[in-house]
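Heads up: the structure comes next, in structure tokens.
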Amino acid sequence: MSFAAGSTVALADYHGADVTGVPAALASADLVKRGEYLIHAADCQACHTAPGGAPFAGGFAFNMPFGTIYSTNITPDKQTGIGNYTDAQFLAAVHKGIRADGAKLYPAMPYASYSQMTDADALAIKAYLFTLAPVNAPPKQNHLSWPFNQRGLVAVWNIMFNPDERFHPNTGQSPQWNRGAYLAEAMGHCGECHTPRNLAYGLDNHRKFAGALTAGWRAYNITGDNVSGLGDWGDEDLTSYLSTGHANGHGGAAGPMGEAADDSLSYLVPDDTRALVTYLRSIPSHASDLPRTITTAAPASYKEGVAAVANSHGEKIFAGACASCHDWTGVSPVTGFATLTGVRAVNDPSATNVAQTVINGVNRKTADGTIFMPAFGEGYSDDDIAAVANYVTARFGAKGANLTGKDVSALRQQAAQQSSEAPHG
């Protein structure tokens, strides 16, 4: 947050409104109720829940360039979870990345961001977790290449990238800005996905929130850049996207961002969503490699448009599997969530998120009901998915992609959640 004008102070020396903790309406709620709100704000469930698994029982795979790390069980099971954790041990895990047995956690767990969380908020989360039913779920074996399989090296990483300091409000900024900063940095850890990383896997905050590729999905530029970021989004658009995972004219969230919307951001009260918008608006703009989004619909006839004759295989697949919901114009006759016009993923010439969405589908739970798109990954070959992703980006986006079947195969592996490895006890 060093980009912002003003001076920071310790929380104890800050005399403005309380910018940590829960919203005013929950201030008198019991510890568990406050923890329930905060665990959504910290987006713990998405990473600690394997697809189809029990909530918070771990087993979610993080596929990195140097191997796969699995999230752990944070239910109160005494054998395989955190049932024996003391308050001090829980705080050490959240702030320092140290397990109860003294082993160091890999920074796939965003403790460098969580280190800004207050002790009170972290312990409220622990109180909520301890009300859950224990789930016996032994940890899965990580698979990392040398030297990344040497946990001791994490100590060096911690010295370089985890200052282990609690949130410092900025007295030169408004309470709303500070609340948004706390939610974005300490709780929601937005930068862990949206900020590029350096070679040592630390966040490159010189390009804060400029976008990055994370586990096979592209987390887009959320700075104020007018071409590749959020500069052309109105506050209402951004508020809608954060609170529902969808904004008219900009599309809906899918993949990890869809999970963040459903499991975390949609639970925030309106004042907290507006605080996030205020903070995001203050982030310095950084341009990325994405072109300006095309916001006009494609022609109504499949015989017209950029991709009319260039990719007949992709066109055929789109006609059979996609056109009934997405329409040849890209403006869905079914639901705004299925409209392709104006969607960043469709305007991304890498087609990364388009291909991942075709492979994995969409299954989101919103206030308007379930938003569902079938996963075509099992029924279509890598070449098929590359063809339709190239077609979609060419017809509805700024520039057509040039994915190959080999590219799609690599994307499948990066986002895979299945493992043939047995868990170890």
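The values are calculated or read from the model by the stated rules, or taken from the named source; none is laboratory data. Keep in mind it's a predicted model, so treat the numbers as computed, not measured. Here Cβ is always computed from backbone atoms with ideal geometry, including for glycine, and neighbour counts include all displayed protein chains. For accessibility, only protein heavy atoms count, side chains too; no ligands or nucleic acids. Shrake-Rupley method; radii C 1.70, N 1.55, O 1.52, S 1.80 Å.
Taking the conditions exactly as written (modelled with pLDDT under 95, open to solvent by 20 Å² or more (accessible area, probe 1.4 Å), among the aliphatic types (A, V, I, L, M) and under 30 Å from His143 (Cα atoms)), does Ala367 satisfy them or not? Full working, then the answer.
On the way: modelled with pLDDT under 95: yes; open to solvent by 20 Å² or more (accessible area, probe 1.4 Å): yes; among the aliphatic types (A, V, I, L, M): yes; under 30 Å from His143 (Cα atoms): no.
Against the criterion (modelled with pLDDT under 95, open to solvent by 20 Å² or more (accessible area, probe 1.4 Å), among the aliphatic types (A, V, I, L, M) and under 30 Å from His143 (Cα atoms)), Ala367 does not qualify.
Looking across the stretch 345-358 at every residue that is closer than 23 Å to Pro51 by Cα, of a type in the set (Val, Ile, Thr) and touching a helix residue (DSSP H, G or I) at 6+ places or on another chain (Cβ under 6 Å), the one that is surrounded by the fewest Cβ atoms within 10 Å (Cβ to Cβ) is identified as Val358. Residue count for the stretch 206-241 under the criterion of being crowded, with 21+ Cβ neighbours inside 10 Å and of a type in the set (Gly, Ala, Ser): the result is 7. Can you tell me which residues in the stretch 323-337 are in contact (Cβ under 8 Å) with a residue 60 or more places away in the chain and open to solvent by less than 20 Å² (accessible area, probe 1.4 Å)? Within the stretch 323-337, Gly330 is the sole residue that qualifies. Among the numbered conditions (1) open to solvent by 60 Å² or more (accessible area, probe 1.4 Å); (2) in contact (Cβ under 8 Å) with a residue 40 or more places away in the chain, the only one that Asp101 does not meet is (2).
Can you find, within the stretch 152-172, the residue that is farthest from the chain's Cα centre (by Cα) among those that are within 22 Å of Ala103 (Cα to Cα) and open to solvent by less than 70 Å² (accessible area, probe 1.4 Å)? Within the stretch 152-172, the match that is farthest from the chain's Cα centre (by Cα) is Gly152.
Restricted to helices (runs of 4 or more DSSP H) entirely inside the stretch 185-279, those with at least 2 residues that are touching an Asp or Glu at 6+ places or on another chain (Cβ under 7 Å) and within 20 Å of Met109 (Cβ to Cβ) are 255-263.
Does Ala298 fit the bill of being at pLDDT below 95, open to solvent by less than 40 Å² (accessible area, probe 1.4 Å), small (Gly, Ala, Ser) and not in a strand (DSSP E or B)? No: the conditions fail for Ala298.
Name the single residue, out of those in the stretch 316-342 being among the β-branched types (Val, Ile, Thr) and at pLDDT below 95, that is farthest from Thr366 (Cα to Cα).
Within the stretch 316-342, the first condition is being among the β-branched types (Val, Ile, Thr), and the residues that meet it are 317, 329, 331, 334-335, 339, 341.
Now narrow it down to the ones that are at pLDDT below 95: 334-335.
Working: Val334: 16, Thr335: 13 Å.
Here the residue is Val334.
Counting only residues that are of a type outside the set (D, E, K, R) and open to solvent by 40 Å² or more (accessible area, probe 1.4 Å), which one in the stretch 190-205 is farthest from Ala61 (Cα to Cα)?
Of all residues in the stretch 190-205, those of a type outside the set (D, E, K, R) come to 190-191, 193-196, 198-203, 205.
So of that shortlist, the ones also open to solvent by 40 Å² or more (accessible area, probe 1.4 Å) come out as 193, 198-201, 203, 205.
Details: Cys193: 15, Asn198: 22, Leu199: 21, Ala200: 20, Tyr201: 17, Leu203: 21, Asn205: 26 Å.
Within the stretch 190-205, the match that is farthest from Ala61 (Cα to Cα) is Asn205.
Within the stretch 17-53, the residues that satisfy the criterion of being open to solvent by 40 Å² or more (accessible area, probe 1.4 Å) and not in a helix (DSSP H, G or I) are Ala17, Asp18, Ala27, Ser28, Asp30, Pro51, Gly52.
Are any residues in the stretch 127-157 assigned to a helix (DSSP H, G or I), in contact with a helix residue (DSSP H, G or I) (Cβ under 8 Å, 6 or more places away or on another chain) and more than 15 Å from Thr80 (Cβ to Cβ), and if so, which ones? Don't jump to the end; show me each part of the working.
Initial filter on the stretch 127-157 (assigned to a helix (DSSP H, G or I)): 127-129, 151-157.
With in contact with a helix residue (DSSP H, G or I) (Cβ under 8 Å, 6 or more places away or on another chain) added as a condition, the list becomes 127-129.
Once the filter is applied, which keeps residues that are assigned to a helix (DSSP H, G or I), in contact with a helix residue (DSSP H, G or I) (Cβ under 8 Å, 6 or more places away or on another chain) and more than 15 Å from Thr80 (Cβ to Cβ), the stretch 127-157 yields Ala127, Tyr128.
Scanning the stretch 301-322 for residues that are open to solvent by 70 Å² or more (accessible area, probe 1.4 Å) and of a type in the set (Val, Ile, Thr) returns Val306, Val309.
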